[in-house]
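Reading through the structure tokens given below for one structure.
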Amino acid sequence: MYYNIIVARPFDQVFTYEDDDSLLEIGQVVIVPFGKAMDVGMIIESDVKKPEYKIKKIDTIISGVKLNKTNIRFLKWVSDYTLAPLGSVLKLFTINKDIIAYQQDSESVINPVFKSTVLNEEQDRAKTDIIKIQQKSNKPIVLEGVTGSGKTEVYFDLIELEIKQSKQVLIMVPEISLTPQFENRFKKRFGIDIDIWHSRITPKRRKEIWHKCYQGKPIVIIGARSSLFLPFSNLGLTVIDEEHDSSYKQEDNIRYQARDLAVVKSNFEKNKLILASATPSLETTNNINNNKYHHVFLSKQYSGLPLPEISLVDLSKNKLEKNQWISSLLKKEIENCLSNQEQALIFLNRRGYSPLSLCVECGYRHQCTQCSSWLVMHQQKKRLLCHQCGSIEEMTFDCPKCLAKESIKFIGPGVERIAEELQQVFSDKVVSVMSSDLINSPKKIKDLITKFTNKEIDIIVATQIMAKGYDFPNLSLVGVIDADAGLFGGDMRAIEKTYNMLQQVSGRAGRSQQTGKVIIQTYYPEQPIIQSLQKRDRTSFIREALKEREQFKIPPFGFMTSIIISGSSKANVEKTSQKLVFFKKYSSEVDVLGPVEAPINLLKGQYRYRILLKGKSRKNLNIFTKKMVSSLKIPSTIRVIIDVDPYTFM
């Protein structure tokens, strides 16, 4: 019998193999000879015609490991939609030799102990509404609620219903930094540990979780993007927490939006899906408006306290002192906060100490040799770092170009510089920094959060890592250093991201014990986005943002695909890009923009050009993209990446 098999390699084709067993089923996982190695594959077609060439035999049939029809349908859909090779998509399901060779040990069963919680009237009504909707409809449900409204408690009650039915539950979060506090809340509520799935768990734990999901055993998983591809066979509910977050978009290898794929998967499997956020994305809001999603809203904080008051500091009138970045008004508010034995969060979405190192004698700037970006000074680690490729240079105060002594000055602030300024003003207080450079492991994240929760830290200076989902009872003041960053630029999602981030970080203040305060520093207090934020008029912001998107026919009112061409020779990259766009003459339905040099035109030693495709139909745009890329024999020195529904344009 001959079988067509998808091999877990980056090939968008099947390979024919022979086996004496004529009863092997579609979805069966096997090990096959591939080149000079053995590789994992999956049968996608059986009883195929014998090819004219010599056929190799299947080496090993992995008994008891077979993907079901729904998983196979989803695998094919992901490949068709993202234009990623079938073999690469199979790899997303974590099908590898290590996983399939697992022998499960006997495990003790720990029964959950449900701790009853008291929902307020609004939460209870939301829970009841969701249950009624789920009984009648498979459409996704958007659970929107102001920051501090208790969305998590609502969906915890819904998870309890699934656990009591011995169902599997998946809770997706945009970043693993959110898991430590979530773990604690889950254990207090259910009396059991939640299983965590991300790239840093041990190989043994990875195998245990994968096989539990595959066997349909009751399990609750909190995971990052990749958890979507676990082989659940008894999934009852998926929750996408912070559904608006751009971290759900995978930017390496296969490019996909995990939230959008979760919607498709739940539709295939007829499972329940909840999208939770205080700031639903424009795409999600548009789906609510078009009745594709149900909508449940929590309008008040669980504590009963009013939402924090938002005040603006006009930096064009309240001038900053030389080499200082915190206004006197914000410093006064921090002083008042600390005198009341409360804690403060100071927010700046810029890692490191200073984003630019400049020689005051000759104008030399420290630039990465591998990328077209400036090196960022990191004082705590005493080095210059490229945030694009990770290149490191030794920190120096002497100019390497003109050799002037002590001539390098650091321009602009990062979180480390803000922390330094705060420590100078509040010398008797504990100031800590939370950014991905310094808090780069689950243990470090957990330790810092525990210290802040236990009031061992007075002021925390943080990047966007702190804007998501955290709950600190004693945090009463949030200060935003630079609200204007992200309001200007060519990224179509920049304004939405900035608005959501500022609304989210503002919501960290005053969630349980006292009414919070939010102080926002800006040079543009009359800018409509800033005004909308201060007045908490999200409705107007959403209306205007959607109107603008519709005007320019960009998502969610049109479809886009980016093609990124890169290579070590700039001339060859440009030449290949020009040849690709020659294909545009064959379609009047697709707008082809470019090619142009990418804003970051040199990345990790590779020159980069971009082409942007726009169309009214995703199906037609994908057909055009495939024909366009296959119309040209791409040189082996050139890499072409297809990014369907792009989120970044750098």
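The values are calculated or read from the model by the stated rules, or taken from the named source; none is laboratory data. Here the structure is a predicted model, which is why all the values come from computation and not from measurement. As a convention, Cβ positions derive from the backbone with ideal geometry for all residues, glycine included, and neighbour counts pool all protein chains shown. Each accessible area value is taken on the protein alone, full model and side chains, heavy atoms only, with ligands, DNA and RNA left out. Shrake-Rupley method; radii C 1.70, N 1.55, O 1.52, S 1.80 Å.
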Screening ASP458, ASP471, ASP447 for residues that are closer than 29 Å to LEU320 by Cβ and acidic (Asp, Glu) leaves only ASP458
Of those in the range 575-622 that are small (Gly, Ala, Ser) and touching a strand residue (DSSP E or B) at 6+ places or on another chain (Cβ under 8 Å), the residue farthest from ILE638 (Cα to Cα) is SER617
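Return the residues of the range 277-317 that are among the acidic types (Asp, Glu) and in contact with a Pro (Cβ under 8 Å, 6 or more places away or on another chain); say none if nothing qualifies.
GLU283, ASP314
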Cβ pairs under 8 Å, 6+ apart, first in the range 372-394 and modelled with pLDDT under 90, second open to solvent by less than 40 Å² (accessible area, probe 1.4 Å) and of a type in the set (Lys, Arg) | GLN379/ARG417
Are there any pairs with C-beta distances below 7 angstrom linking a residue in the range 304-328 that is over 23 Å from GLU416 (Cα atoms) to a residue that is open to solvent by 50 Å² or more (accessible area, probe 1.4 Å) and part of a loop (DSSP other than H, G, I, E, B), with the two at least 6 apart or on different chains, and if so which?
-> LEU305/THR515; PRO306/THR515; LEU307/ARG536; PRO308/THR515; SER316/TYR523
The lone condition ASP314 fails out of (1) among the acidic types (Asp, Glu); (2) at pLDDT 95 or above; (3) open to solvent by 40 Å² or more (accessible area, probe 1.4 Å) is (3)
Report yes if some residue within the range 352-370 is of a type outside the set (Val, Ile, Thr), free of Cβ contacts under 8 Å to residues at least 24 places away in the same chain and open to solvent by 50 Å² or more (accessible area, probe 1.4 Å); otherwise report no.
-> yes
How many of the residues making up the range 200-224 are in contact with a helix residue (DSSP H, G or I) (Cβ under 7 Å, 6 or more places away or on another chain) and either under 30 Å from PHE472 (Cβ atoms) or among the aliphatic types (A, V, I, L, M) (or both)?
-> 6
Looking at (1) under 30 Å from GLU251 (Cα atoms); (2) open to solvent by 30 Å² or more (accessible area, probe 1.4 Å), can you tell me which one GLU342 breaks?
-> (1)
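Here is a yes/no grid of residues against (1) polar (S, T, N, Q); (2) at positive phi; (3) surrounded by fewer than 17 Cβ atoms within 10 Å (Cβ to Cβ); (4) more than 20 Å from the chain's Cα centre (by Cα):
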| residue | (1), (2), (3), (4) |
| --- | --- |
| GLY390 | no, yes, yes, no |
| PHE410 | no, no, no, yes |
| GLU416 | no, no, no, yes |
| SER436 | yes, no, yes, no |
| LYS455 | no, yes, yes, yes |
| TYR470 | no, no, no, no |
| ALA483 | no, no, no, yes |
Could you please give the count of residues in the range 618-638 that are free of Cβ contacts under 8 Å to residues at least 40 places away in the same chain and not in a loop (DSSP other than H, G, I, E, B)?
-> 5
Note on the range 499-518: residues modelled with pLDDT of 90 or more and over 27 Å from the mean Cα position of the chain (by Cα) are LYS517
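I'm checking my understanding of the structure. Among residues of the range 485-532 that are of a type in the set (Ser, Thr, Tyr) and open to solvent by 40 Å² or more (accessible area, probe 1.4 Å), which one is farthest from VAL313 (Cα to Cα)?
My answer is SER512.
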Breaking point among (1) surrounded by fewer than 18 Cβ atoms within 10 Å (Cβ to Cβ); (2) touching a helix residue (DSSP H, G or I) at 6+ places or on another chain (Cβ under 6 Å), for LYS164 = (2)
If we keep only residues of the range 236-280 that are out of contact with any strand residue (DSSP E or B) (no Cβ under 7 Å at 6 or more places or on another chain) and more than 26 Å from GLN168 (Cβ to Cβ), then the residue surrounded by the most Cβ atoms within 10 Å (Cβ to Cβ) is THR279
Which of the residues that make up the range 398-414 are among the hydrophobic types (A, V, I, L, M, F, W, C) and within 22 Å of CYS371 (Cα to Cα)?
-> CYS399, ILE408, PHE410, ILE411
Could you say whether any residue in the range 10-26 is within 30 Å of GLN165 (Cβ to Cβ) and not in a helix (DSSP H, G or I)?
-> yes
Show the residue pairs that are 6+ apart or on different chains and have beta-carbon atoms under 8 Å apart, the first residue being within the range 592-617 and part of a loop (DSSP other than H, G, I, E, B) and among the polar types (S, T, N, Q), the second being modelled with pLDDT of 95 or more and buried (at least 20 other Cβ atoms within 10 Å of the Cβ).
-> SER617/PHE559
Subset of the range 577-591 that is of a type outside the set (A, V, I, L, M) and either part of a strand (DSSP E or B) or touching a Phe, Trp or Tyr at 6+ places or on another chain (Cβ under 7 Å) (or both) - its residue that is most open to solvent (accessible area, probe 1.4 Å) = ASP591
